[in-house]
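So the structure is just underneath, and the comments pick up after that.
The values are calculated or read from the model by the stated rules, or taken from the named source; none is laboratory data. None of these values were measured; they are calculated from a predicted model. When we count neighbours, we look across all protein chains shown, and the Cβ atoms used for this are built from the backbone with ideal geometry, even at glycine. Surface accessibility is based on the protein's heavy atoms, side chains included, excluding ligands, DNA and RNA. Shrake-Rupley method; radii C 1.70, N 1.55, O 1.52, S 1.80 Å.
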Amino acid sequence: MRGLGVLRRADGVVLCLLLLVYSAHAGDFKVEVPVEPVSAHVGSSVLLPCRISTGVSAVGMEVSWVKNGNETVHVYVSGADLEGRQSPGFKGRTHLDKEALGAGNVSLQLNDVRVSDEGSYQCYVLSESWFTDSTMKLKVSALGRPPRFSLAGRLDSDVTLQCDSEGWFPKPELQWWNVKGADLTGRAVLTEKPGADGLFTLQSSLQISEQEADGVICLIRHGKERRVLQTRIHIGGEFFTLVSPSWKGLSVFLIVCVIAFIVLIAAGVYKYKNLRDSQTMAKQNHEAECDDLRKEIKSKGFVLESEWEQIQSQTVAVTLDPDTAHCHLTVSEDGKRVRHDSKDKKAPNTERRFDHHYFVLGREGFTSGRHYWEVEVGKRDCWKVGVASESAKRKGVLDLSPKEGYWVLQLMFGHDLRALTDPETPLKVLPPLKVGVHLDYEEGKLSFYRVEDRFVIYTFLGKFSGKLFPLFYPGEEGEELVILNKQDQSEKSDSSKAEPNSIPV
């Protein structure tokens, strides 16, 4: 106990040294954190997962979070948060869920994420007789504003264009292209300006001639996911004529010459034909570029906006069937919500009702066609969503696999996402806040989506027979699942339209 008293007065570095000294007493206890880095956007909130493997209560223990071994992020001791021991940069931005501590969940919520938050985070748990720790990484990113054009100057018959974009992290790549697919970046002058908040501002200038004025593209590529934002500008030949006095005088002279006028008309027809051919080629090149971008986006597991709108157009109204609900589940009157309660409802134990698993089915069954619905799961430790066949068993302990008539996506421990195949398939992806479920009966496909960014979490492939019903498990006691209605999904679809100046995909 004397050693623990010293530890409570030590800063982050001393904490690490003492943990090394006492590591032999950890026994079979350990804390579990994600192997892959956790990602977060600047200005958002992120959950840093950490759980005691045995599930023992951490209410009476000491929990400490330390960044890079020397910054104290959060300290909790026997029921109280010690804000005085936090490093200044983290004060007022962290939250430890006291209710979850009872189940050994010591995950930390970090709010208002900043660029400086990126790094390694150590999760320490200490009791009177043992301690354990583990390390995870946080990756921070920020998607800046689409590029903007301005006219920076003119030299003879050439003009200088300037392209600006700010608010990026990590530093993106700025490129210049013309509509014919030629890379003009090597001719540009680039200025990088990292701000006090760690976000990058890019400013690039490019000098172009009249022959290049058919169309110029300023393009930003960012991160491994290759987010692409672009802005295109077209400067007509009339601009160069107006800004050049010598060309204006020559035009007046040619107009008063009849022969030269005829030649000018012929030249205009010829130029028009070339311009039309050039525009056709530019359109083909642009479409090819968009096709490549679409393929790249789909290869990363995301759904194109046009495909997403088609999927959401197949939305059906799903309501819950209380006659199938386990006796500890409460279904709302409108059939859109289900809550896990501890009180037994004394419901009749019919053949349609689950008696072991805390499941409830939808009223609507499907034997053909394509159907889509969304479920709001929020941030919680566990839930299950999927479909079940009408002939599947509902009594006793069930084998939740496709061969037994169950196609289920499951979350456990707040971060362990799995498809319940045989054997189970672990999914190393960020858990969703809203789950989209799409059933294509004839194709034998059941797909689960992370609605926030249109990411494909997992797709079951096979052959369906008989009637299929939506299936739901709300999670631990007190947790609730919400089925979103068509109006909610329509508003969601309207708010997700492409941003201005971005490439339409």
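Return the total of residues in the range 51-74 being closer than 24 Å to residue 139 by Cβ and either out of contact with any Leu (no Cβ under 7 Å at 6 or more places or on another chain) or of a type in the set (A, V, I, L, M) (or both). Show your work before the answer.
Here is the first cut: in the range 51-74, the ones closer than 24 Å to residue 139 by Cβ are 51, 63-74.
Narrowing the set further to residues that are either out of contact with any Leu (no Cβ under 7 Å at 6 or more places or on another chain) or of a type in the set (A, V, I, L, M) (or both) leaves 51, 63, 66-73.
Qualifying residue count, the range 51-74: 10.
List the pairs whose first member sits in the range 360-371 and is closer than 22 Å to residue 350 by Cβ, whose second member is among the acidic types (Asp, Glu) and open to solvent by less than 30 Å² (accessible area, probe 1.4 Å), and whose Cβ atoms are under 6 Å apart, counting only residues at least 6 apart or on separate chains?
Qualifying pairs under 6 Å: 361/321; 363/321.
Would you confirm whether any residue within the range 328-339 is part of a loop (DSSP other than H, G, I, E, B), polar (S, T, N, Q) and modelled with pLDDT of 90 or more?
Yes - at least one qualifying residue is present in the range 328-339.
Have a look at 129, 120, 165 and point out the one that is at pLDDT below 90, among the hydroxyl-bearing types (Ser, Thr, Tyr) and within 23 Å of the chain's Cα centre (by Cα).
Checking each option against the conditions leaves just 165.
Among the residues of the range 416-444, write down those that are part of a loop (DSSP other than H, G, I, E, B) and either open to solvent by 80 Å² or more (accessible area, probe 1.4 Å) or of a type outside the set (A, V, I, L, M, F, W, C) (or both).
421, 422, 423, 424, 428, 430, 431, 432, 441, 442, 443, 444
State the number of residues belonging to the range 313-327 that are surrounded by fewer than 20 Cβ atoms within 10 Å (Cβ to Cβ) and assigned to a helix (DSSP H, G or I).
2
Only one of these conditions is not met by residue 410: (1) over 18 Å from residue 473 (Cβ atoms); (2) touching a strand residue (DSSP E or B) at 6+ places or on another chain (Cβ under 6 Å); (3) not hydrophobic (A, V, I, L, M, F, W, C). Which number is it?
(1)
With the structure loaded, tell me whether residue 168 is touching a helix residue (DSSP H, G or I) at 6+ places or on another chain (Cβ under 6 Å), hydrophobic (A, V, I, L, M, F, W, C) and either in a strand (DSSP E or B) or surrounded by fewer than 16 Cβ atoms within 10 Å (Cβ to Cβ) (or both) or whether it fails that test.
So residue 168 fails the test.
Does the range 230-245 contain any residue that is under 25 Å from the mean Cα position of the chain (by Cα) and either at pLDDT 70 or above or not in a loop (DSSP other than H, G, I, E, B) (or both)?
yes
Just one of (1) open to solvent by less than 40 Å² (accessible area, probe 1.4 Å); (2) small (Gly, Ala, Ser); (3) free of Cβ contacts under 8 Å to residues at least 60 places away in the same chain trips up residue 87, so point out which.
(3)
Can we say residue 174 is among the hydrophobic types (A, V, I, L, M, F, W, C) and under 11 Å from residue 206 (Cβ atoms)? Can you show your working first?
On the way: among the hydrophobic types (A, V, I, L, M, F, W, C): yes; under 11 Å from residue 206 (Cβ atoms): yes.
Criteria met by residue 174.
Being open to solvent by 20 Å² or more (accessible area, probe 1.4 Å) and small (Gly, Ala, Ser) is the filter here; which residues of the range 35-68 pass it?
39, 43, 44, 45, 53, 55, 57, 60
List pairs: first residue in the range 458-484 and under 19 Å from residue 433 (Cβ atoms), second residue part of a loop (DSSP other than H, G, I, E, B) and of a type in the set (D, E, K, R) anywhere in the structure, Cβ distance under 7 angstrom, at least six positions apart or on different chains.
Close Cβ pairs satisfying both conditions: 475/380; 475/381; 476/381; 479/380; 482/336; 483/336.
Take the residues in the range 334-346 that are more than 17 Å from residue 375 (Cα to Cα) and without any contact (Cβ under 8 Å) to a residue 24 or more places away in the chain, then tell me which one is surrounded by the most Cβ atoms within 10 Å (Cβ to Cβ).
Initial filter on the range 334-346 (more than 17 Å from residue 375 (Cα to Cα)): 341-346.
Still in the running and without any contact (Cβ under 8 Å) to a residue 24 or more places away in the chain: 343-346.
On the way: 343: 8, 344: 9, 345: 14, 346: 7.
Result: 345.
Give just the number: which of (1) free of Cβ contacts under 8 Å to residues at least 24 places away in the same chain; (2) open to solvent by 30 Å² or more (accessible area, probe 1.4 Å) does residue 392 not satisfy?
Unmet condition: (2).
Note down all Cβ pairs under 9 Å where the first residue falls in the range 97-121 and is in contact (Cβ under 8 Å) with a residue 40 or more places away in the chain and of a type outside the set (Gly, Ala, Ser), the second is surrounded by 15 or more Cβ atoms within 10 Å (Cβ to Cβ) and assigned to a helix (DSSP H, G or I), and they're at least six residues apart or on different chains.
Hits for this filter: 106/100; 110/90; 110/117; 117/90.
Is it true that residue 114 is farther than 21 Å from residue 34 by Cα, under 22 Å from the mean Cα position of the chain (by Cα) and buried (at least 16 other Cβ atoms within 10 Å of the Cβ)?
no
Can you pull out the residues in the range 257-274 that are of a type outside the set (A, V, I, L, M) and in contact with a helix residue (DSSP H, G or I) (Cβ under 7 Å, 6 or more places away or on another chain)? Before the answer, list the steps.
Step one: filter the range 257-274 for residues of a type outside the set (A, V, I, L, M), giving 257, 261, 268, 270-274.
Residue satisfying the conditions is 261 alone.
Right, residue 324: over 28 Å from residue 429 (Cβ atoms), among the β-branched types (Val, Ile, Thr) and touching a Leu at 6+ places or on another chain (Cβ under 8 Å) or not?
Yes, satisfied.
Kindly evaluate residue 188 against the criterion of being modelled with pLDDT under 90, of a type in the set (A, V, I, L, M, F, W, C) and open to solvent by less than 40 Å² (accessible area, probe 1.4 Å).
yes
Out of the residues in the range 361-407 that are of a type in the set (Lys, Arg) and not in a strand (DSSP E or B), which is farthest from residue 475 (Cα to Cα)?
403
Can residue 141 be described as under 30 Å from residue 68 (Cα atoms), of a type in the set (Ser, Thr, Tyr) and not in a loop (DSSP other than H, G, I, E, B)?
Against the criterion (under 30 Å from residue 68 (Cα atoms), of a type in the set (Ser, Thr, Tyr) and not in a loop (DSSP other than H, G, I, E, B)), residue 141 qualifies.
Restricting to the range 196-213, count the residues that are over 25 Å from residue 155 (Cβ atoms), in contact (Cβ under 8 Å) with a residue 24 or more places away in the chain and exposed (fewer than 14 other Cβ atoms within 10 Å of the Cβ).
We begin by selecting, within the range 196-213, every residue over 25 Å from residue 155 (Cβ atoms); these are 196-201.
Narrowing further to those that are in contact (Cβ under 8 Å) with a residue 24 or more places away in the chain: 197-201.
After this cut, where a residue has to be exposed (fewer than 14 other Cβ atoms within 10 Å of the Cβ) as well, the list is 197.
Within the range 196-213, residues that are over 25 Å from residue 155 (Cβ atoms), in contact (Cβ under 8 Å) with a residue 24 or more places away in the chain and exposed (fewer than 14 other Cβ atoms within 10 Å of the Cβ) number 1.
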